[in-house]
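What follows is a short report on a single structure.
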Amino acid sequence: MRQRIAVVGGGPGGLTFARVLHRHGHPVAVLERDPAPDARPPGGTLDLREGLGQLALDKAGLLAEFQALSRPEGQAMRILDTDGTVLRDWRPHPDDRANPEIDRGQLRDLLLGPLDVQWGRSVIQVAPGTRDGVLVHFADGRQETFDLVVGADGAWSRTRPAVSSVTPHYTGVTTVETSLDDVDTRHPDLARLIGDGSVAVYGVNRALVAQRNSGGHVKVYAQFRAPLDWHANLDPADVEAVRSGLLTLFDGWAAPVLDLLRHGPAFVHRPLYVLPVSHTWTHVPGVTLLGDAAHLMPPLGAGANLAMLEGAELAESIATGSGDLDEAVRAFEEQMWARAGRWAKITTAGLERLVSPDPAEALALFDQVQPS
């Protein structure tokens, strides 16, 4: 008898897990709280790395389709001083496929493919150890039992409490996000400033990053060290008040750089939370975690990549293993913890250097990662 398996969360990690199981002919229930795929904006662009996200897509049989959709030119990175001086201008070779970019929405649609996602299934609790397996409680009062529940439900996972009492903590760094549409036509000067990929400006304890998505869409991220309640005197719905507050924070920076904030139509407050660098738990039969639910870390290009590879590896292990579900999960967890711990250390140190009292630290980090 085939095991009853559910994954909570329809993000990159959860969908990759489901897609690899589907490729091996194994049924899986994908439980997603959003009522539809396009219920909310999918977010910005992702760089999928050769040995991580791209490997996961290969395991799902989707690598060729990804390569057709992705933007290798999106790997380009330009770094400016706060006065607008260009400090670095790195551009990839035309055949560089190390970290091509893809919009989150495009990746979601690619992974969805033939999957039958249960939309609008909001999980509120996962209870292991019942007589019939793991009991999943839904917001609408319904319950369902599975042999394995995989929590791929992000930073504020409802699955995590079944295995761990740990909760995310604030890093001291906040991101405020805005965006620009049709940038090449409406803001050609900013389009040239950003180039084909990203532009980043680093100051004392703050940074401003703009990243090109497909279709002339640009995401802009203002990052700074501040108390969690830094905006207590601001109405988040008052766009001009938030804009004014941000322009004050970045006062003195070059006018073309500040134009990235001046033209944003709305702002979203995103404080950065993380889990402890070496987050592990005592194995609980029937429940495991992957991605941000297991190892939330600073958003420096590792999170989605790790989640996707973890999803693919766990699915492969289940589909091609001995049939001992618990044995497959135990082995997966040990491997995940070791790799995620290494990446958590790297990204935690990276955030410290990118939003630093010494802006030269950010430039030095770039030169280590992407030497000219």
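The values are calculated or read from the model by the stated rules, or taken from the named source; none is laboratory data. Since the model is a prediction, treat every value here as computed from it, not as a measurement. Cβ placement follows ideal geometry from the backbone for every residue including glycine, while neighbour counts extend to all protein chains displayed. Surface areas here come from the heavy atoms of the whole protein model, side chains and all, with no ligands, DNA or RNA. Shrake-Rupley method; radii C 1.70, N 1.55, O 1.52, S 1.80 Å.
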With criteria (1) closer than 23 Å to Arg2 by Cα; (2) more than 20 Å from the chain's Cα centre (by Cα), Ile124 comes up short on (1)
Among all residue pairs at least 6 apart or on different chains, which show Cβ distances below 6 Å where the first residue, located in segment 27-55, is under 23 Å from Pro114 (Cβ atoms) and the second is among the polar types (S, T, N, Q)? Leu31/Gln118; Arg33/Ser122; Leu48/Gln54; Gly53/Asn305
If you go through segment 284-298 one residue at a time, do you hit one that is over 30 Å from Val242 (Cβ atoms), in a helix (DSSP H, G or I), open to solvent by 30 Å² or more (accessible area, probe 1.4 Å) and without any contact (Cβ under 8 Å) to a residue 60 or more places away in the chain? no
Just give me the residues in segment 333-348 being open to solvent by 40 Å² or more (accessible area, probe 1.4 Å) and either within 16 Å of Ala207 (Cα to Cα) or not small (Gly, Ala, Ser) (or both), in sequence order. Glu334, Gln335, Trp337, Arg342, Trp343, Lys345, Ile346, Thr348
Give the residue that is nearest to Ala340 (Cα to Cα), with candidates limited to residues of segment 32-79 that are open to solvent by 50 Å² or more (accessible area, probe 1.4 Å), among the acidic types (Asp, Glu) and part of a loop (DSSP other than H, G, I, E, B). Glu50
Does segment 301-316 include one or more residues that are more than 26 Å from Ala29 (Cβ to Cβ) and either hydrophobic (A, V, I, L, M, F, W, C) or open to solvent by less than 40 Å² (accessible area, probe 1.4 Å) (or both)? yes
Residues of segment 65-81 classified as touching a Lys or Arg at 6+ places or on another chain (Cβ under 8 Å) and of a type in the set (A, V, I, L, M), total: 3
Between residues in segment 56-77 that are farther than 21 Å from Gln211 by Cβ and residues that are basic (Lys, Arg), which pairs lie under 7 Å by C-beta distance while being six or more apart or on different chains? Ala60/Arg19; Ala60/Arg23; Gly61/Arg23
Checking Val369 against (1) closer than 18 Å to Ala152 by Cα; (2) under 23 Å from the mean Cα position of the chain (by Cα): exactly one of these is not met. Which one? (1)
Looking at Leu111 and the list (1) part of a loop (DSSP other than H, G, I, E, B); (2) crowded, with 21+ Cβ neighbours inside 10 Å, which single condition is not satisfied? (1)
What is the one condition in (1) assigned to a helix (DSSP H, G or I); (2) closer than 30 Å to Thr85 by Cα; (3) aliphatic (A, V, I, L, M) that Leu272 does not satisfy? (1)
Could you figure out which of (1) out of contact with any helix residue (DSSP H, G or I) (no Cβ under 6 Å at 6 or more places or on another chain); (2) assigned to a strand (DSSP E or B) isn't true of Pro128? (1)
Can you report the number of residues in segment 17-31 which are open to solvent by 10 Å² or more (accessible area, probe 1.4 Å) and either part of a helix (DSSP H, G or I) or closer than 21 Å to Leu135 by Cα (or both)? 7
Report those strands (runs of 3 or more DSSP E) wholly inside segment 140-232 carrying at least 2 residues which are surrounded by fewer than 21 Cβ atoms within 10 Å (Cβ to Cβ) and hydroxyl-bearing (Ser, Thr, Tyr). 169-180
Flagged pairs (Cβ under 6 angstrom, 6 or more apart or on separate chains; first in segment 349-372, in contact (Cβ under 8 Å) with a residue 40 or more places away in the chain and farther than 13 Å from Ile79 by Cα; second crowded, with 16+ Cβ neighbours inside 10 Å and small (Gly, Ala, Ser)) are Val355/Ala207
Which one is farthest from the chain's Cα centre (by Cα), of the residues in segment 239-255 that are surrounded by fewer than 14 Cβ atoms within 10 Å (Cβ to Cβ) and either modelled with pLDDT under 95 or in a helix (DSSP H, G or I) (or both)? Ala255
For segment 357-372, what are the residues that are closer than 12 Å to Val201 by Cα and part of a loop (DSSP other than H, G, I, E, B)? Pro359
